[in-house]
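Single-structure report; data block below.
The values are calculated or read from the model by the stated rules, or taken from the named source; none is laboratory data. Everything numeric here is computed off the predicted structure, so don't read it as measured data. What goes into the accessible areas is simple: the full protein's heavy atoms, side chains included, and nothing from ligands, DNA or RNA. Shrake-Rupley method; radii C 1.70, N 1.55, O 1.52, S 1.80 Å.
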Amino acid sequence: MKIFSANIKSLTELYNTELRKALDMEETIVKALPAMINNSTDEQLKQGLTSHLQESEQHVDRVKALLRGFEDSGSKRCKVIHTLVSEAEDSMKDASDADVRDIAIIGAAQQVEHHEIAVYGTLKSWARILGRIEDVSLIELIERDEKHADKLLSDISDRVNTVAPTAKAA
(Lines give C-alpha, C1' and ligand atoms only; values in the text may rest on other atoms or scores of the structure.)
Protein backbone atom coordinates (compact mmCIF):
# COMPACT_ATOMS: atom_id res chain seq x y z
CA MET A 1 0.00 0.00 0.00
CA LYS A 2 1.26 3.42 -0.94
CA ILE A 3 1.61 5.97 1.81
CA PHE A 4 2.48 8.90 -0.42
CA SER A 5 1.10 9.55 -3.87
CA ALA A 6 3.37 10.29 -6.82
CA ASN A 7 1.21 13.39 -7.39
CA ILE A 8 1.14 13.06 -11.16
CA LYS A 9 -0.22 16.34 -12.51
CA SER A 10 -0.19 15.87 -16.27
CA LEU A 11 -0.56 13.33 -19.02
CA THR A 12 3.11 13.89 -19.85
CA GLU A 13 4.11 12.88 -16.32
CA LEU A 14 1.79 9.86 -16.47
CA TYR A 15 3.23 8.91 -19.86
CA ASN A 16 6.77 9.12 -18.45
CA THR A 17 5.82 7.04 -15.41
CA GLU A 18 4.23 4.32 -17.54
CA LEU A 19 7.18 4.28 -19.95
CA ARG A 20 9.46 3.72 -16.96
CA LYS A 21 7.25 0.81 -15.90
CA ALA A 22 7.39 -0.52 -19.48
CA LEU A 23 11.18 -0.45 -19.24
CA ASP A 24 11.07 -2.53 -16.05
CA MET A 25 8.54 -4.83 -17.72
CA GLU A 26 10.84 -5.50 -20.67
CA GLU A 27 13.94 -5.89 -18.50
CA THR A 28 12.07 -8.36 -16.28
CA ILE A 29 10.90 -10.35 -19.30
CA VAL A 30 14.46 -10.51 -20.64
CA LYS A 31 15.53 -12.01 -17.30
CA ALA A 32 12.58 -14.46 -17.13
CA LEU A 33 12.53 -15.85 -20.67
CA PRO A 34 15.70 -17.97 -20.39
CA ALA A 35 14.11 -20.09 -17.63
CA MET A 36 10.99 -20.54 -19.74
CA ILE A 37 13.13 -21.57 -22.71
CA ASN A 38 15.15 -24.02 -20.59
CA ASN A 39 12.01 -25.57 -19.11
CA SER A 40 10.28 -25.99 -22.49
CA THR A 41 10.45 -29.32 -24.27
CA ASP A 42 8.57 -28.42 -27.45
CA GLU A 43 11.10 -27.26 -30.08
CA GLN A 44 8.73 -24.78 -31.73
CA LEU A 45 7.98 -23.27 -28.32
CA LYS A 46 11.70 -23.01 -27.53
CA GLN A 47 12.32 -21.31 -30.86
CA GLY A 48 9.41 -18.91 -30.43
CA LEU A 49 10.50 -17.93 -26.92
CA THR A 50 14.10 -17.54 -28.05
CA SER A 51 13.02 -15.28 -30.89
CA HIS A 52 10.89 -13.24 -28.52
CA LEU A 53 13.81 -12.92 -26.11
CA GLN A 54 15.78 -11.25 -28.89
CA GLU A 55 12.82 -8.97 -29.65
CA SER A 56 12.45 -8.13 -25.96
CA GLU A 57 16.11 -7.13 -25.80
CA GLN A 58 15.36 -4.72 -28.66
CA HIS A 59 12.28 -3.51 -26.80
CA VAL A 60 14.49 -2.53 -23.84
CA ASP A 61 16.52 -0.34 -26.20
CA ARG A 62 13.40 1.09 -27.83
CA VAL A 63 11.78 2.00 -24.52
CA LYS A 64 15.04 3.61 -23.42
CA ALA A 65 14.91 5.64 -26.64
CA LEU A 66 11.34 6.68 -25.82
CA LEU A 67 12.54 7.87 -22.41
CA ARG A 68 15.33 10.06 -23.81
CA GLY A 69 14.56 13.68 -23.18
CA PHE A 70 12.69 12.99 -19.97
CA GLU A 71 14.33 14.13 -16.77
CA ASP A 72 13.42 10.87 -15.05
CA SER A 73 14.33 8.02 -17.38
CA GLY A 74 15.16 5.16 -15.02
CA SER A 75 12.92 2.14 -14.74
CA LYS A 76 10.06 2.03 -12.24
CA ARG A 77 8.81 -1.29 -10.86
CA CYS A 78 5.98 -2.83 -12.84
CA LYS A 79 4.09 -4.79 -10.20
CA VAL A 80 1.96 -6.63 -12.75
CA ILE A 81 4.86 -8.16 -14.67
CA HIS A 82 6.63 -9.21 -11.49
CA THR A 83 3.46 -11.01 -10.38
CA LEU A 84 2.98 -12.67 -13.78
CA VAL A 85 6.61 -13.84 -13.81
CA SER A 86 6.26 -15.21 -10.29
CA GLU A 87 3.13 -17.10 -11.33
CA ALA A 88 4.96 -18.47 -14.39
CA GLU A 89 7.84 -19.68 -12.21
CA ASP A 90 5.39 -21.41 -9.87
CA SER A 91 3.57 -23.07 -12.79
CA MET A 92 6.83 -24.39 -14.22
CA LYS A 93 7.79 -25.87 -10.85
CA ASP A 94 4.34 -27.35 -10.25
CA ALA A 95 3.97 -29.11 -13.62
CA SER A 96 5.72 -32.48 -13.40
CA ASP A 97 4.68 -33.65 -16.88
CA ALA A 98 6.72 -32.05 -19.70
CA ASP A 99 3.69 -31.51 -21.96
CA VAL A 100 1.72 -29.95 -19.12
CA ARG A 101 4.72 -27.75 -18.32
CA ASP A 102 4.83 -26.59 -21.95
CA ILE A 103 1.14 -25.72 -21.77
CA ALA A 104 1.71 -23.84 -18.50
CA ILE A 105 4.58 -21.91 -20.10
CA ILE A 106 2.44 -21.00 -23.08
CA GLY A 107 -0.37 -19.83 -20.81
CA ALA A 108 1.99 -17.75 -18.68
CA ALA A 109 3.70 -16.27 -21.74
CA GLN A 110 0.36 -15.32 -23.25
CA GLN A 111 -0.68 -13.58 -20.04
CA VAL A 112 2.53 -11.56 -20.28
CA GLU A 113 1.91 -10.79 -23.96
CA HIS A 114 -1.65 -9.64 -23.28
CA HIS A 115 -0.41 -7.31 -20.57
CA GLU A 116 2.28 -5.92 -22.88
CA ILE A 117 -0.25 -5.40 -25.69
CA ALA A 118 -2.47 -3.45 -23.29
CA VAL A 119 0.44 -1.36 -22.00
CA TYR A 120 1.70 -0.45 -25.45
CA GLY A 121 -1.80 0.24 -26.77
CA THR A 122 -2.33 2.72 -23.95
CA LEU A 123 1.09 4.32 -24.41
CA LYS A 124 0.48 4.66 -28.14
CA SER A 125 -2.81 6.43 -27.50
CA TRP A 126 -1.22 8.82 -25.02
CA ALA A 127 1.70 9.51 -27.37
CA ARG A 128 -0.81 10.51 -30.07
CA ILE A 129 -2.63 12.84 -27.69
CA LEU A 130 0.69 14.39 -26.65
CA GLY A 131 1.73 14.86 -30.29
CA ARG A 132 4.72 12.54 -29.90
CA ILE A 133 4.43 11.13 -33.41
CA GLU A 134 7.91 9.56 -33.45
CA ASP A 135 7.03 7.77 -30.21
CA VAL A 136 3.85 6.41 -31.82
CA SER A 137 5.89 4.81 -34.61
CA LEU A 138 8.34 3.21 -32.18
CA ILE A 139 5.56 1.95 -29.91
CA GLU A 140 3.77 0.46 -32.92
CA LEU A 141 6.91 -1.58 -33.74
CA ILE A 142 6.97 -2.98 -30.20
CA GLU A 143 3.22 -3.60 -30.21
CA ARG A 144 3.49 -5.47 -33.52
CA ASP A 145 6.14 -7.79 -32.04
CA GLU A 146 3.95 -8.46 -28.99
CA LYS A 147 0.92 -9.30 -31.12
CA HIS A 148 3.03 -11.57 -33.32
CA ALA A 149 4.40 -13.39 -30.26
CA ASP A 150 0.86 -13.87 -28.93
CA LYS A 151 -0.30 -15.27 -32.29
CA LEU A 152 2.66 -17.65 -32.43
CA LEU A 153 1.92 -18.86 -28.89
CA SER A 154 -1.73 -19.44 -29.85
CA ASP A 155 -0.69 -21.47 -32.88
CA ILE A 156 1.72 -23.57 -30.80
CA SER A 157 -0.90 -24.09 -28.08
CA ASP A 158 -3.41 -25.40 -30.60
CA ARG A 159 -1.02 -28.31 -31.18
CA VAL A 160 0.58 -28.75 -27.75
CA ASN A 161 -2.67 -28.58 -25.80
CA THR A 162 -3.97 -31.68 -27.57
CA VAL A 163 -1.05 -33.94 -26.58
CA ALA A 164 -0.96 -33.26 -22.84
CA PRO A 165 -2.49 -35.70 -20.38
CA THR A 166 -6.07 -34.78 -19.57
CA ALA A 167 -6.82 -37.14 -16.69
CA LYS A 168 -8.68 -35.50 -13.84
CA ALA A 169 -6.85 -34.97 -10.58
CA ALA A 170 -7.57 -37.51 -7.86
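How far, in nm, would the chain grow between Thr17 and Leu130 when pulled straight, counting 0.36 nm per residue and subtracting the alpha carbon separation?
Length gained between Thr17 and Leu130: 39.2 nm.
Run the numbers for Ile8 and Lys147: contour at 0.36 nm per residue of separation, minus the present Cα-Cα distance, in nm.
Extending this stretch completely gives an extra 47.0 nm.
What's the extension gain from Arg159 to Ala98 if we count 0.36 nm per residue and subtract their Cα-Cα distance? Please report the intermediate quantities before stating the final value.
Details: separation 61, 0.36 × 61 = 21.96 nm, distance 1.43 nm.
The span from Arg159 to Ala98 would gain 20.5 nm if fully extended.
For the chain, what % of the accessible area comes from carbon and sulfur atoms, probe 1.4 Å?
51
By how many degrees, 0 to 90 and rounded to 10, does the Cα axis of helix 79-94 deviate from the longest principal axis of the chain?
So the inclination is approximately 10 degrees.
Rank Arg77, Arg68, Arg101 by mean-square fluctuation in a GNM of the chain with C-alpha springs under 10 angstrom and give only the top-ranked residue.
Answer for the Gaussian network model of the chain: Arg68.
Could you put Lys151, Lys79, Lys124 in order of accessible surface area, largest first, with the 1.4 Å probe and the full protein assembly present?
Result, largest first: Lys79, Lys151, Lys124.
For Ile8, tell me the accessible area in Å² from a 1.4 Å probe, rounded to the nearest 10.
Accessible surface of Ile8 is approximately 70 Å².
Which value, in Å², gives the accessible area per residue of the chain when a 1.4 Å probe is used on the protein heavy atoms?
Numbers: 9550 Å² over 170 residues.
Computed with neighbouring chains in place, this is 56 Å² per residue.
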